[in-house]
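Written below as structure tokens is the structure these notes are about.
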Amino acid sequence: MKQRETIRSKRVAIATRLAMGGALTALCSLAAAGQVSQVGDKQVGLPNDKPPALLDKVTIAQHLDAQLPLNLAFVDEVGKTVQLGDYFGKKPAILALVYYQCPMLCSEELNGLTGALKMVDLAPGKDFNIIVVSIDPTEGPALAAAKKRSYLKRYGKPETASGWHFLTGTQPSIDALAKTTGFGYVKIPGPDGKLNQFAHASSIQIVTPEGKLAQYYMGVEYSPKDLRLGLVEASSNKIGSPVDNILTYCYHYDPQTNTHSLIVARVVQLGGAVTLLGLGGFMLVMFRQDAKHQQPKTR
């Protein structure tokens, strides 16, 4: 009897702990559901497998061996008018088209690039240039300068500042560069209906010293080994091969629809309900077994 009571006590203790854990899980699920379903939350996916028609124009076409228009005029982070060709002639470059006030993907792209470059034994300014160009013609040198300070600090080597270039420009210059690199994007209204945002994909390009597109890297995480190899090959004006065109989109959904948030909330709520049902069934089975053991045996 004592042994049965001990076993029963242990089962009750286990069931109690599981019940408390399940309750906490359910509460967290409901809290998360409340958070993700609020209007205006950032959205990171699609409610179904078919992208919205808007994304049909958001593409990365790999124009390998295409010559960049080196006579294009831009403004650098200190407000100086420059030409794209100022950064070519002697060394390769990494080119990234982003916009500095991007709420999601652009920062992840530049974070991934900076993190990978920390593990590459080549130095910006000495061995290659980094050229970041804003696709938003309303952005100016102040934003570009702030981004340069941020990523130079993240990189941790202030002596490489001469190799980091953050540019802004007019719509014609942006369009010409985007067309050449195959960078398709769409301007869309922001959550307030006024702020312009951009639907775009994430990609960086390696460019030869002559200004020809040598390699594309997709996504927001980049292999240090691949980056180094791409830069070394591009320095010899070698053109690489196409890569899998798996696109990572940056797109802020219409906050009035909030479709994806509701789907996420329902999934989280369903997970909490399943957890509670499973724990309830487990406890019911254990208590029935205990009651059965306690019944007096008939001779």
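No value in this document is a laboratory result; all are computed from the given coordinates. Just so it is clear, the model here is predicted, and its values are computed rather than measured. Neighbour counts are summed over all protein chains in view; Cβ atoms, including those assigned to glycine, are modelled from backbone coordinates with ideal geometry.
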Within the set of other residues whose C-beta is less than 12 Å from the C-beta of residue 210, count the net charge using Lys and Arg as +1 and Asp and Glu as -1.
+3
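Within 10 Å of each residue's Cβ, count the other Cβ atoms and sort 203, 162, 223, 235 from fewest upward. Kindly include the intermediate steps, with their values, before the conclusion.
Values: 203 24, 162 10, 223 13, 235 18.
Going from least to most buried by this count: 162, 223, 235, 203.
Give, as a single signed number, the net charge of other residues whose beta carbon lies under 11 Å from the beta carbon of residue 129, with Lys and Arg counted +1 and Asp and Glu -1. Could you put the intermediate results ahead of the total?
Working: positive: 90, 91, 126; negative: 86, 127.
Result for the local shell: +1.
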Taking the Cα of residue 67, stepping 7 Å toward and past its beta carbon, and measuring to each backbone N in the range 74-107: which are under 19 Å?
83-93
Between residue 142 and residue 121, what is the FRET efficiency for a Förster distance of 35 Å, r being their Cβ-Cβ separation, to the nearest 0.05?
0.55
Volume per residue of the C-alpha convex hull in the range 53-250, rounded to whole Å³
107 Å³
What is the log10 of I(q)/I(0) for the range 129-174, computed with the Debye formula using one identical point scatterer on each Cα and no solvent, at q = 0.16, 0.25, 0.29 Å⁻¹?
-0.43, -0.86, -1.04
If I take every Cα pair under 8 Å that is 6 or more residues apart in the range 53-250, average their sequence separation and divide by the length, what percent do I get for the relative contact order?
33 percent
